[in-house]
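The values are calculated or read from the model by the stated rules, or taken from the named source; none is laboratory data. Every value quoted in this text rests on a predicted model; they were computed, and no experiment measured them. With ideal geometry, Cβ positions are generated from the backbone for all residues, glycine too; neighbour counts draw on all protein chains shown. These area figures cover heavy atoms from the full protein model, side chains too; ligands, DNA and RNA do not enter into them. Shrake-Rupley method; radii C 1.70, N 1.55, O 1.52, S 1.80 Å.
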Amino acid sequence: MLRYVAKRLLLLVPVLIGLSILVFAYVRALPGGPAIALLGERATQESVEAINRELGLDQPIFVQYLRYAGNLIQGDFGSSVLSRRPVVEELLERFPATVELGFAAILFAVLAGIPLGFVAAKRYQGVLDNTSLVASLIGISFPVFFLALIMKYIFAVRLGWLPSIGRLDITRSLEHPTNFYLLDAIIAGDGAAFVDVVAHLLMPAIALGTIPLAIIARITRAATLDVLSEDYVRTARAKGLTTAVIDRRHILKNSLLPVVTVIGLQTGLLLTGAILTETVFAWPGVGTWMLNAINNRDYAVLQGGIVFFAFLVVVVNLLVDISYAFLNPRIRYQ
Amino acid sequence: MPLLEVRDLAVRFSTRGKTVYAVNGISFDLDPGDTLGIVGESGCGKSVSSLAMLGILPPAGRVSGGQVTFDGEDLLTLPDERLRHIRGNDIAMVFQDPMTSLNPVLTVGRQLTEALRTHLDMDKKEAAAEAGSLLDRVGIPDARQRLRDYPHQFSGGMRQRVGIAMAISCQPKVLIADEPTTALDVTIQAQILELLRTLVREEGMALILVTHDLGVVAGVCARTHVMYAGRFVETAPTAELFANPKHPYTVGLLKSVPRLDAVRKQRLDPIGGAPRDQTSEPTACAFAPRCAYATSESWEQLPVLRELDGATGAAAHRVACWNPVPERDLVAAGIRRPPAEGQSSAGLGEERPA
């Protein structure tokens with residue numbers, strides 16, 4: 001198992017190298033450049049060239065890449081053109097916000113999606129099954145940002161139940177040793193702050209988690225339907241076990257196998273959704289940071305952010321593969 | 001009173017507006033220690049009958065009539081919670097395909113102990129010890145070590161042994177084996193049948209063996225019911241059934257089995273036609289369309305089981321047929337040797353050739 005994990009992590013190296021080349025080329029293919037973004041459209045040719053020279057953008061692209069890669073090996077992702085701060089520093093500051101949001105969203109999707117899909121399968125073609133089918137189709141086809149805006153309008157603007165932006169009320173002071181605000185509130189032992197963090201997290205997490213929720217519910221339902229007609233479920237019933245034991249031990253454990261895979265894939269997709277959700281809720285995470293970087297052609301930030309997202313996706317999928325081995329004894333990684 | 005008394009059991013399936021009449025009134029008794037075979041081709045309702053008795057029919061199926069009395073209680077009307085205590089505890093089942101009847105994600109030990117813990121209230125340690133000795137009883141080497149293994153680590157024959165160990169774990173009074181050897185190769189089949197025979201003898205369990213294979217019942221069951229289109233068409237002590245089959249369907253089954261001791265070299269003689277489309281309730285002999293002996297009566301009236309000659313009780317030979325197969329056709333088919341001194345077997349009614 002350990003060797004398998006090490007191998008998978010080692011495979012991450014070529015993935016990240018390939019990705020860095022693609023991203024590097026891609027961000028430079030965007031029209032405009034940091035100089036235009038900094039100086040505006042009326043900038044003179046000389047000032048644009050001066051900035052490009054300063055940033056090294058006048059060099060041939062492969063020279064730029066080699067210099068970038070050389071810095072990367074030393075852990076230097078470069079600096080933001082706009083803030084002049086190192087990318088790594090900003091990333092460390094912002095990624096906890098995104099991870100916290102993504103984790104909450106997936107947690108919501110899993111905790112609601114699996115029971116929903118399971119019950120729908122057990123009541124196959126019943127009212128609940130059909131309702132959940134319609135609801136998931138709506139959930140899947142609703143754009144994240146639109147759902148986020150509607151929720152914000154209803155729950156923040158109209159009803160005033162939940163805060164509409166940010167991670168914490170600005171009047172509240174909380175130490176941020178980890179930048180995971182939930183953890184920070186626990187560390188500080190501040191109950192009220194914790195509640196406030198949760199309240200801020202609620203809407204973005206639900207908005208972001210809706211599509212994964214719908215997909216997880218659908219997959220759970222399909223997998224459960226398959227398992228329900230398996231011979232071993234009949235065997236379990238013939239043994240005279242209680243329905244609860246059959247459901248949990250014999251059905252759910254088997255139907256979770258495909259669901260776990262989907263959770264991994266959804267986590268990757270979630271990150272795209274995070275950019276939109278973070279923007280709507282002014283969430284100070286990697287998503288808004290990258291959106292700004294796109295607008296400002298902030299190459300270093302964009303490269304750093306995408307590589308970070310890729311890293312996250314690979315790690316999540318590794319975790320999924322590992323948990324797969326625990327769920328399915330027929331798979332043992334050598 | 002018999003241990004298990006089945007009366008007019010009927011099962012229907014509803015699918016897409018159609019009703020399939022899977023089982024159309026079967027009756028039999030089972031006493032402690034009895035070995036009973038139910039033989040018929042695929043889709044004749046033999047497996048469905050056993051599932052119905054235990055209340056574990058698939059969702060589309062439902063019992064539409066009859067009683068199944070076990071120890072004085074009608075299983076078909078028992079509340080599910082009470083029936084659950086009988087399932088696996090008093091009446092247990094071995095299933096056809098050992099590759100799919102065991103849960104792939106649970107250890108064999110877990111699957112063995114769960115019935116013990118549910119029905120016999122054993123604690124974890126007792127159940128594990130008992131599971132080990134159960135595996136040992138069904139002939140699995142290194143039984144105690146293998147409790148931690150998963151089903152995919154066992155061969156087909158070994159898995160079926162696990163299935164049997166699971167079924168006998170609570171020392172049931174009735175063991176229903178539904179095609180227990182169909183998915184196994186021939187040498188393993190013989191081992192599994194031998195194991196079932198030994199267990200039934202030693203534990204004093206009653207056995208219901210459901211199969212399509214006459215060879216399987218021949219070696220194990222004292223009495224055999226032949227089932228066709230959801231009804232019993234012939235029932236007799238197994239030896240009598242093989243020596244003196246009366247229903248054309250039984251004869252057809254026997255003729256389609258290759259025999260090493262055939263009188264002369266003959267081709268196998270399969271039963272022509274296809275099984276009855278069961279989307280209506282039978283009102284005439286269901287076998288008539290495939291039967292060389294069918295008369296107008298067969299096409300119009302439903303034959304019921306009637307006793308042949310004088311034998312009653314355990315020796316009774318009953319057949320549901322308007323035109324039982326005559327002696328000389330049995331001889332011609334090589335099922336019987338020609339009678340030595342012109343003695344004829346007593347038949348039901350006159351012998352009418354087709």
**Complete:** Residues whose modelled amide H sits under 5 Å from the amide H of residue B:224, counting only those 5 or more places away in sequence or on another chain, are B:37, B:236, B:238
**Item:** Rounded accessible area of residue A:261 (nearest 10 Å², 1.4 Å probe)
**Value:** 60 Å²
**Fill in**
Note on region B:4-225: alpha-carbon gyration tensor, axes a ≥ b ≥ c; rule is a/c under 1.5 for rounded, else prolate if a/b larger than b/c, else oblate; result prolate
**Asked** Most fluctuating residue of A:121, A:25, A:205 in a GNM of chain A with Cα springs under 10 Å: which is it?
**Response** A:25
**region A:92-327, relative contact order [Cα under 8 Å, separation at least 6], %** = 30 percent
**Item:** ³J(HN,Hα) computed for each position of region B:215-229 - Karplus, 6.51 cos²θ - 1.76 cosθ + 1.60, integer Hz, glycine/proline x
**Value:** x, 5, 5, 3, x, 10, 9, 6, 10, 10, 9, 9, 10, 9, 6
**Asked** Can you list the residues of region B:123-164 with backbone N under 19 Å from a point 7 Å past the Cα of residue A:231, pointing along Cα to Cβ?
**Response** B:150-164
**Item:** GNM top mover of B:278, B:189, B:145 - chain B, alpha-carbon springs below 10 Å
**Value:** B:145
**Asked** Out of every Cα pair in region B:54-141, what percent are spaced more than 14 Å from each other?
**Response** 73 percent
**Asked** Dimensions of the protein assembly as shown along principal axes (Cα, Å, largest first)?
**Response** 126, 55, 53
**Asked** Can you tell which of A:250, A:107, A:191 lies farthest toward the positive end of the dipole of chain A, using +1 and -1 charges on the Cβ of basic and acidic side chains (Lys, Arg; Asp, Glu)?
**Response** A:250
**Prompt:** For the Cα atoms of chain A, what angle does the longest principal axis make with the long axis of helix A:45-55, in degrees from 0 to 90, nearest 10?
**Reply:** 60 degrees
**Prompt:** Using alpha carbons only, what's the Rg to Rh ratio of region A:92-327 with Rh from Kirkwood?
**Reply:** 1.03
**Complete:** With the 1.4 Å probe rolled over protein heavy atoms, chain A has an accessible area per residue in Å² of 51 Å²
**Prompt:** For the protein assembly as shown, which whole percent of the accessible surface, found with a 1.4 angstrom probe, sits on carbon and sulfur atoms?
**Reply:** 59 percent
**Asked** When all protein chains stay in place, what accessible area (Å², nearest 10, 1.4 Å probe) is found for residue A:283?
**Response** 0 Å²
**Message:** At 1.4 Å probe radius, can you tell me the per residue accessible area of chain B in Å²?
**Reply:** 44 Å²
**Item:** Heavy atoms of residue B:99 accessible to a 1.4 Å probe, total area in Å² rounded to 10
**Value:** 100 Å²
**Asked** Dipole magnitude of the protein assembly as shown about its Cα centre, charges +1 at Lys/Arg Cβ and -1 at Asp/Glu Cβ only, in debye to the nearest 20?
**Response** 860 debye
**Complete:** Rounded to a whole number, the mean other protein chain Cβ count within 10 angstrom for residues of A:224-234 is 4
**Prompt:** What is the mean number of Cβ atoms from other protein chains located within 10 Å of the Cβ atom of each residue in peptide B:81-89, rounded to a whole number?
**Reply:** 3
**Request:** List every residue whose amide H lies under 5 Å from the amide H of residue B:208, counting only residues 5 or more places away in sequence or on a different chain, with H placed 1.01 Å from N in the peptide plane.
**Result:** B:36, B:175, B:176, B:177
**Item:** Residue mean of other protein chain beta carbons inside 10 Å, B:109-116
**Value:** 3
**Prompt:** Which sequence of A:54, B:234 reflects their accessible areas, 1.4 Å probe, from the largest down?
**Reply:** A:54, B:234
**Prompt:** Rg and Dmax of region A:2-73, using alpha carbons, in Å: what are they?
**Reply:** 17.0, 58
**Asked** Roughly how tilted is helix A:191-228, in degrees to the nearest 10 and between 0 and 90, from the longest Cα axis of chain A?
**Response** 50 degrees
**Asked** To the nearest 100 Å², how much accessible surface do chains B and A hide from each other in total, with a 1.4 Å probe?
**Response** 2200 Å²
**Message:** Using a Cα-Cα cut-off of under 28 Å, which lysines could be cross-linked to residue B:18, ignoring same-chain neighbours fewer than 8 residues away?
**Reply:** A:122, B:46
**Request:** Relative to the longest principal axis of the C-alpha atoms of chain A, give the angle of the C-alpha long axis of helix A:2-29, reported between 0 and 90° and rounded to the nearest 10°.
**Result:** 50 degrees
**Asked** Considering only the protein assembly as shown, what is the antiparallel percent among its DSSP beta bridges, to the nearest 5?
**Response** 60 percent
**Request:** About the Cα centre of chain B, how large is the charge dipole given +1 on each Lys and Arg Cβ and -1 on each Asp and Glu Cβ? Please answer in debye to the nearest 20.
**Result:** 920 debye
**Positive minus negative residues near residue A:113 (Lys, Arg vs Asp, Glu; Cβ under 13 Å)** = +2
**Request:** Please name the residues of region A:242-258 whose accessible area, counted over protein heavy atoms with a 1.4 angstrom probe, falls by no less than 30 Å² between the chain alone and the full protein assembly.
**Result:** A:242, A:249, A:250, A:253, A:254
**Asked** Straight-line reach from residue A:239: which lysines have Cα under 17 Å away, leaving out those fewer than 8 places along the same chain?
**Response** B:173
**Asked** Anyone know which of B:215, B:17, B:61 comes out most mobile in the 10 Å Cα GNM of chain B?
**Response** B:17
**Prompt:** Which value in Å is the Kirkwood Rh of region B:168-249 over different Cα pairs?
**Reply:** 13.7 Å
**Request:** Leaving ligands, DNA and RNA out of it, rank B:226, B:304 by accessible area with a 1.4 Å probe, largest first.
**Result:** B:304, B:226
**Message:** Could you check the spin-label model distance between residue B:142 and residue B:155? Points 7 Å from the Cα along Cα→Cβ, value in nm.
**Reply:** 1.5 nm
**Request:** Report, in debye and to the nearest 20, how large the dipole of region A:92-327 comes out about its Cα centre when Lys and Arg carry +1 and Asp and Glu carry -1 on their Cβ.
**Result:** 820 debye
